[in-house]
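J.: Okay, here's the structure, questions in a sec.
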Amino acid sequence: MQNYGRSLISSYGQVFFSKNLVFAVILLIVTFFDIYAGIAGLLAVVFTNTTAMFLGLNRQKIYEGVYGFNSLLVGLGIGIYYQPGPEFYIILALVSMITLFFSVAFEGVLGKYGLPYLSIPFLLGIWLVVIATKSYSTLAISERGVYSLNDMYAIGGMTMVRLYEWFNNLAVPESLRIYFKSLSAILFQYHMFAGILIAIGLLYYSRIAFLMSLIGFYTAYYFYFFIGADISELTYSYIGFNYILTAIAIGGFFIVPSWRSTLWVVLLTPLIAIILSSTSFLFSIFQLSVLSLPFNVIVILFLYVLKFRETRIESLSPVVIQQYSPEKHAYNHNNYRERFGSLPWFPMKLPFWGEWQVTQGHKGAHTHQKDWQHAWDFEIVDDDGKAFENSGKRVDDYYGFNKPVTAPADGVVVEVEDGIDDNVIGDMNLEKNWGNSVVIKHAEGLYAQISHLKKDSIKVSADQTVKQGEVLGHCGNSGRSPVPHIHMQFQKTPSIGSATISYPLSAIIINDKSDYRFQTTAIPELDQMVSNPVRNELLYEAYHFIPGQTLQFELTAEGKKQSVAWVVESDIYKNTYFLCKQTNAKAYFRQLGDVFYFTSYEGRKNTLLYYFFLSSFKLVTAYYKDMKITDAYPLSLYPGKFVKILQDFCVPFFRFLHTRFELDYALLTEDGEDSEIILHSETYFTHRKTASPDMQFTITIGVNGIKQLSIQTEKKQIEAKRVY
């Protein structure tokens, strides 16, 4: 029953693309400004959701109001125009049912193209009723809207009448008056009082949606003046809500809010005006209102056109995961792009073990030129920067010679050349330029070539499947190679010596004079010391979480103790997350190789799970003394409510708030069962680039995983010890 009640409330919020229950309740209240229309709308949702459950449709969609909001609009529409009675409620039940059928049908048809059906079912449902009931003599047209004061008196007596008149007599510009009435017209109300309440609810739900509603409406308002069109189109039934809904849909709900999505809101407005004028003329022949038809046509057409783009435009990105919040779309999309946007679609590792130096990088001074400019040469060097011992006149003197060369990623070997002699030091084989080589196909249009391998050392053959890290051969000095080294390049075609492409390596460690830096992706540069992360088993086991696993802690804060338990779960989309049993908070995470990421958080922000989310936002399961990991939290987590509200309005255009995560690998103690690793991390939420940390964390890890988490904020100290 609780879920069923939520399905009724959520149907109201869906009219404005919202799951915010407070906003939905405001909309529900507004519909009851005409009591009979409000009852009709509520009954329509009840009929629809009950039918949907009876048919066995998706319960989650029913609870979210996905099927109910179109019937709600139909119920409100006919509830305004017809007098209540037995005949009316029978018609209401029937049209609610067919509106549900339309919703499911259009979900199937448009859903195949990844498009929403918006309010098309509502349009078809209400047009069917209006046309059909012209011959139904027992259905009487309502006269309630003619005497608005009587309606207000029926709702709340003289107090409601005075409040209604006060709002209607407010000294506001005519354009703003039309804006409020256009907002109220979405729910078939036509007075400022309702519009102001909806505007307040819209502002509470989303600052971006509220801003876009103003931009859409006022663009239309001034376009009418500019083009010399009849401004009465906006006042007649206040059909201007088409501009408001289109602006919200394009400006922040289906498209990630940005300056470009806002620009398209402005550019699409004249098209809505053209469709509105032309369809109004045609529909008047049948005595029908166009209602929300222009909004549906423009939004669906625009989203469909975007699917045919051949060039990706980051500032005009469709929303991939619908979060029902323009702010979350903006903040989480930008954060995801910063964190994972540079991740290649196929992660590649360095083709060796240990630490090697880049002795020639992209656009190198020797052979990496023109079509072959995107390549690397790697050698092992000692602390003095020398690549050899003894005299360096023999290949055996070089540290890299005969060292294993590994596959950078999973793939299939497509070409192998072997049997070429290794050169004496300083000599080169220009006839067999690439020397002994292996080419691996990783995906369509993505091949890796590794060259200058030692003669007869290659351990793979053509058509053989290889795994990342599998030994391919050994470092040699064959081909155009004066000293032993590994040559690596990526290319689009399988032939040895093909033109190179620029493609990054993933998850590498860069050592700058013992200052270790982890790079999620990188194009290693000349003279850099690079290596793949060497997995630390303590860290790996501590941050290797699997569904079904339970973690329990004893929490001590301000002298009070509390038991906390988390369970690792996975949803139907294979997203893994921690669920706090006490608060139902969720922290979603990903594990990509040796890198652990938290991605999003849902729930209260005073929980141990939230602090753990902040403290371990990004972590590499490899230990390098004093290595620092940095990242950025999504701005949706920003704690300052008032300054964040201001940022909400500005986020489509610029950001002035900043977040930062820093983690230091502080201490490793290797002592058998008493081995420990200590990590320090800090959280920054600020409007300045540099500031003091808002929170500091110490994470202690032992052989059984995370042992303790210490949290220091400005106001309190919290200790959480793991209970095994």
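J.: How far is it, in nm, from the label point at R517 to the one at L306 when both lie 7 Å from their Cα along the line to the Cβ?
T.: 3.5 nm
J.: Report, in listed order, any pair from K618/K715; K61/K618; K561/K644; K307/K618; K441/K628; K586/K715 with a Cα-Cα distance greater than 28 Å.
T.: K61/K618; K561/K644; K307/K618; K441/K628
J.: Using C-alpha positions alone, give me the convex hull volume of the stretch 174-324 per residue in cubic angstrom. All intermediate terms of the calculation are to be shown ahead of the outcome.
T.: Numbers: hull volume 17.6 nm³, N = 151.
Value for the stretch 174-324: 116 Å³ per residue.
J.: State which helices in the chain qualify, where a helix is a whole DSSP H run, it must extend 27 Å or more along its own axis by its Cα atoms, and its mean Kyte-Doolittle hydropathy must be at least 0.0. Walk me through the intermediate numbers first.
T.: Values: long enough: 35-55 (30 Å, 1.70); 86-111 (37 Å, 1.73); 207-227 (30 Å, 1.38); 259-284 (37 Å, 1.47).
Result, helices passing both filters: 35-55, 86-111, 207-227, 259-284.
J.: Within 15 Å, Cβ to Cβ, of V25, how many net charges do the neighbouring residues add up to if Lys/Arg are +1 and Asp/Glu are -1?
T.: Numbers: positive: R6, K19; negative: none.
Local charge sum for V25: +2.
J.: Which is farthest toward the positive dipole end of the stretch 304-438 among N436, N402, H366, measuring Cα position about the Cα centre, with Cβ charges +1 (Lys, Arg) and -1 (Asp, Glu)?
T.: The residue sitting most towards the positive pole is H366.
J.: If I model a spin label at V22 and K459 as a point 7 Å from the Cα along the Cα→Cβ vector, what separation in nanometres do I get?
T.: My value for the distance between the label points is 6.3 nm.
J.: Evaluate E = 1/(1 + (r/R0)^6) for V703 and E558, where r is the Cβ-Cβ distance and R0 equals 35 Å; express this FRET efficiency to the nearest 0.05. Present the calculation step by step, with values, prior to reporting the outcome.
T.: Working: r = 31 Å, r/R0 = 0.89.
So the FRET efficiency works out to roughly 0.65.
J.: Follow-up. For T406, which sequence-distant residues (separation of 5 or more, or a different chain) have an amide H within less than 5 Å of its own amide H, given hydrogens modelled in the peptide plane?
T.: Those qualifying (amide H under 5 Å, at least 5 residues apart or on another chain) are F352, L472.
J.: I've got another one for you. In whole Å, what is the distance between the alpha-carbon centres of the stretch 545-578 and the stretch 368-393?
T.: 48 Å
J.: For the chain, what does the helix formula give at 222 nm: sum of -39500 (n - 2.57) over DSSP H segments with n ≥ 4, over the residue count, nearest 500 deg cm²/dmol? List each step's numbers first, then the result.
T.: Values: 19 runs with 261 residues, N = 724.
For the chain, the value works out to -11500 deg cm²/dmol.
J.: Give the calculated FRET efficiency between E389 and Y724 to the nearest 0.05, with a Förster radius of 51 Å applied to their Cβ-Cβ distance. Display every interim value, and only then the final one.
T.: Details: r = 49 Å, r/R0 = 0.97.
Calculated value: 0.55.
J.: So which aspartates and glutamates can K492 reach, going by Cα to Cα under 18 Å and dropping same-chain residues fewer than 8 places off?
T.: Excluding near neighbours in sequence, the set is D371, D410, E415, E444, D463.
J.: For the chain, give the magnitude of the charge dipole about the Cα centre (Cβ charges: +1 Lys/Arg, -1 Asp/Glu; no others), in debye to the nearest 20. Please report the intermediate quantities before stating the final value.
T.: On the way: 58 positive and 62 negative charges, 480 e Å.
That gives a dipole near 2300 debye.
J.: Something else about it: What aspartates and glutamates could a cross-link reach from K574, if we take a straight Cα to Cα line under 20 Å and drop same-chain neighbours fewer than 8 places away?
T.: Correct list for K574: D594, E602.
J.: I need the calculated FRET efficiency for the pair E415 and K363, taking r as the beta carbon distance and R₀ as 35 Å, to the nearest 0.05.
T.: On the way: r = 26 Å, r/R0 = 0.73.
That pair, E415 with K363, gives E of 0.85.
J.: Using a simple spin-label model with points 7 Å from Cα along the Cα→Cβ vector, what separation in nm is obtained for D626 and Q323?
T.: Taking the two extended label points, one gets 3.7 nm.
J.: Another question, if that's okay. Of Y222, Y12, F88, which is farthest along the charge dipole of the chain in the positive direction, counting Lys and Arg as +1 and Asp and Glu as -1 at C-beta?
T.: Looking along the dipole axis, the top candidate is F88.
J.: Can you give the convex hull volume of the alpha carbon atoms of the stretch 1-142 per residue, in Å³? Please list the in-between numbers first.
T.: Values: hull volume 14.2 nm³, N = 142.
So the per-residue hull volume is 100 Å³.
J.: For a label point 7 Å from the Cα of T713 along Cα→C-beta, name the residues of the stretch 627-658 whose backbone N is under 20 Å from it.
T.: Correct set: 633-645, 658.
J.: Give me D for the chain in µm² s⁻¹, whole number, from Stokes-Einstein with Rh from the Kirkwood sum over alpha-carbon pairs, 4 °C and 1.567 mPa s. Numbers along the way, then the final one.
T.: On the way: Rh = 30.0 Å.
D, rounded to a whole number, is 43 µm²/s.
Bear in mind these aren't lab numbers, they're just calculated from the coordinates by the rules spelled out. Quick caveat, the model's predicted, so the values are computed rather than measured. Here the Cβ is made from the backbone with ideal geometry for all residues, glycine too, and neighbour counts use every protein chain on show.
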